[in-house]
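Since the structure comes first, as structure tokens, the remarks are kept for the end.
Nothing in this text is a laboratory measurement; each read-out follows from the coordinates by a stated rule. Just so it is clear, the structure is predicted and the values come from calculations on it, not from any experiment. Note that we place each Cβ from the backbone using ideal geometry, even for glycine, and neighbour counts take in every protein chain shown.
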Amino acid sequence: MDRIEHKYVEVNGLKLHVADIGNDSSTTVVFLHGFPEIWYTWRHQMIGVADAGFRAIAPDFRGYGLSDHGVEPEKTSFSDMLCDTVAILDSLNIYKVFVIGKDFGAFVAYAFALLHHERVLGVVTLGVPFIPPGPLVNHESLPEGFYISRWRDPGRAEADFSRFDAKTVVKNIYVLFSKSEIPIANENQEIMDMVEPNTPLPSWFTEEDLVAYGTSFNKSGFRTALKVPYRSLLDERFEFNIEDPKVEAQALLIMGEKDYLFKFPGVKDIINGDDMKKYVPNLEITYLLDGSHFVQEQFPDQVNQLILKFLGK
């Protein structure tokens with residue numbers, strides 16, 4: 001971990017934090033995190049690709065971790081995350097990259113590949129496949145306590161989270177989202193109340209890891225993190241009016257077989273359907289036995305091997 005350098009890049013009027021390891025002249029791999037994650041989620045992969053001769057950079061998205069919020073966090077959009085990613089690469093004089101995204105970072109990765117295809121050497125996503133234009137999935141069949149429905153309601157998640165310190169919020173989310181079932185609260189229950197205080201962390205997630213996340217979110221809070229993805233991503237993914245959203249680059253999707261995402265209505269059909277081949281014709285899909293939504297932290301060696309094999313093709 002001490003080998004990873006930390007810098008701040010001033011772009012789009014903000015000071016954004018970027019973790020960086022590897023030789024400046026090497027081919028770059030940019031890692032894009034999800035929620036409730038920061039650059040640290042990629043700690044194992046950054047070192048792995050650097051040891052293989054690549055340069056790895058992992059920003060904290062605006063409003064996450066050590067990066068600044070926008071002037072009005074409530075107005076932060078999905079497009080801001082994409083524009084910041086492009087601006088960071090430009091400021092570091094990096095043109096062509098492999099882009100790797102986890103969770104909602106996968107949406108940013110694919111949008112980058114669609115809008116800046118000439119800069120993309122390949123795309124890897126974890127936990128989220130390419131979602132064709134249109135509704136993400138059919139949420140209408142899920143109960144009122146579905147976590148996305150709760151977190152899309154302005155003020156409700158903020159009130160729920162504010163009862164705990166940042167470290168406890170992150171712990172509860174890791175506990176819930178590493179399971180194979182969709183987090184759905186009872187009618188008179190909040191999402192944070194679904195985890196008993198004495199519930200242990202997943203075996204692969206240490207107290208040291210939790211402190212790293214908690215310390216970062218103590219700085220940033222969750223204002224922007226709740227806006228993107230939960231209150232903007234669902235509506236803005238294809239606001240760019242891409243006429244033919246086809247990802248031509250070589251692509252890899254890594255999914256844990258026990259990822260709760262598979263319980264979302266329609267997700268299995270999306271991954272296995274003809275549309276996936278239509279929109280991402282050069283896609284390879286790999287499943288990790290017993291893998292959760294956090295496979296990059298749960299099984300870092302296996303994920304590193306898959307990524308390095310992909311980068312080496």
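Among the residues of region 54-97, those identified as part of a strand (DSSP E or B) and farther than 23 Å from residue 166 by Cβ are 55, 56, 57, 97. Is it the case, given these coordinates, that residue 108 is of a type in the set (A, V, I, L, M), outside any helix (DSSP H, G or I) and in contact with a Leu (Cβ under 6 Å, 6 or more places away or on another chain)? Judged against the criteria, residue 108 is not a match.
Among the residues making up region 259-295, those that are touching a Lys or Arg at 6+ places or on another chain (Cβ under 9 Å), part of a helix (DSSP H, G or I) and under 25 Å from residue 248 (Cβ atoms) are 278, 279. Within region 193-209, the set of residues being closer than 19 Å to residue 39 by Cβ and in a loop (DSSP other than H, G, I, E, B) comprises 204, 205, 206. Only residues that are farther than 25 Å from residue 66 by Cβ, in contact (Cβ under 8 Å) with a residue 40 or more places away in the chain and assigned to a helix (DSSP H, G or I): list them for region 139-192, please. Passing the criteria: 147, 148, 150, 152, 191. Pairing residues of region 292-313 that are on the phi < 0 side of the Ramachandran plot and surrounded by 20 or more Cβ atoms within 10 Å (Cβ to Cβ) with residues that are assigned to a helix (DSSP H, G or I) and aromatic (Phe, Trp, Tyr), at Cβ distances under 8 Å and at least 6 apart in sequence or on separate chains, gives 292/177; 292/260; 293/177; 293/260; 294/174; 294/177; 296/42. Hey, does region 107-125 have a residue that's among the polar types (S, T, N, Q) and either over 23 Å from residue 303 (Cβ atoms) or surrounded by fewer than 22 Cβ atoms within 10 Å (Cβ to Cβ) (or both)? No, region 107-125 has no match at all.
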